[in-house]
Amino acid sequence: MKNKQNEYKNRITDTNHITMTPFLSQKIKLLSLISIILVLYIHSGFHDYPNEIQGMPFNFKLQDFISGKIGRCAVPLFYAISGYLFFLNLNNKNILWAKIKKRIMTLVVPYIIAALFFPCFYIIVSLIPSTARFFNSESISTIFNLPVWNIFQSIFYDPLAFHLWFLRDLIIIVALSPFLYYIKNSSKKGEKILLIAIFLLNLCNIKYIPVYAMFWFLAGDIFLIKLENIKNIRYYIAFLLISTIELIYPSPRWSYFQIPIIALGVIQYMEYIQQISNQFFYIEKT
């Protein structure tokens, strides 16, 4: 049994040579479930104090701690999962282009449909007398009076359905994946050098390129599964402690340390996933 455990660990040291076992698949699904719950945490708090909630400062701080601090690991985890699955068994350029083509159907096409549905829906209902009085479509119709580039940007880059921003950033990253693939495979340390470079670029304000999301996308490929070997609760204690200090002493300077702080939380969540997986999915590991 111990030999089988060691064999499994050897299979997950390099995402270019991994077998997607039922056990690994269950772990990724469980990690996605945890991330979904964390997204619910994010949207459960009041974010406009004191306009949305008054007279209850402790209540606000508690909600901010849960939604703004604990929940902030959700989006990085989703990007990390996406990056891990994208680079999984990516051994050559043919597989790279095959994965890009696949994501055109799973990301780009649904995104275009969703981005167009919202403005089209509002325009249509505004033309129907019985429904027009329930909708204010003037702000949407004015978009079509703008130059072509601004119309394109308003619909597809800053979509009216603003919650599509995650898909938008993921599409941009996939479009840049040939560049990422070339750099990370240029040398043995290429992927780590690239990750450090993206981390430093995250400190700058680069328009149109989701550098923050790209960092977690690439980090998912390099570190996601390897994090299960880290078994120390001090990372989560450090995450909670720093998050508490952030809450008590808010400052714009904390933004420069978001990636390392969130990484502490991500490490501990992976440890929880490993413990749960070993408890409930051990049979499928072999």
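Coordinate-derived values only; no laboratory data. As the structure is a prediction and not an experimental result, all values here were calculated from the model. No Cβ is skipped: glycine too gets one built from the backbone with ideal geometry, and neighbour counts run over all protein chains shown.
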Violations at 29 Å Cα threshold for listed pairs K184/K226; K29/K61; K29/K207 -> K29/K61; K29/K207
Ranked from highest to lowest mean number of other Cβ atoms within 10 Å per residue, what is the order of the peptides 144-153, 88-97?
88-97, 144-153
Provide the per-residue ³J(HN,Hα) series for the range 183-189, in order, calculated from phi with Karplus coefficients 6.51, -1.76, 1.60 and θ = phi - 60°, each as a whole number of Hz, with x at glycine and proline positions.
5, 5, 9, 6, 7, 5, 9
Of the listed peptides 194-207, 154-167, what is their order by residue-averaged count of other C-beta atoms within 10 Å, with the highest listed first?
154-167, 194-207
Rg/Rg_ref, the range 133-221, where Rg_ref = 2.2 N^0.38 Å and atoms are Cα:
1.44
How big is the Rg/Rh ratio for the range 96-185, C-alpha atoms only, Rh by Kirkwood, two decimals?
1.12
Between F156 and N205, Cβ-based FRET efficiency (R0 22 Å, step 0.05) works out to 0.55
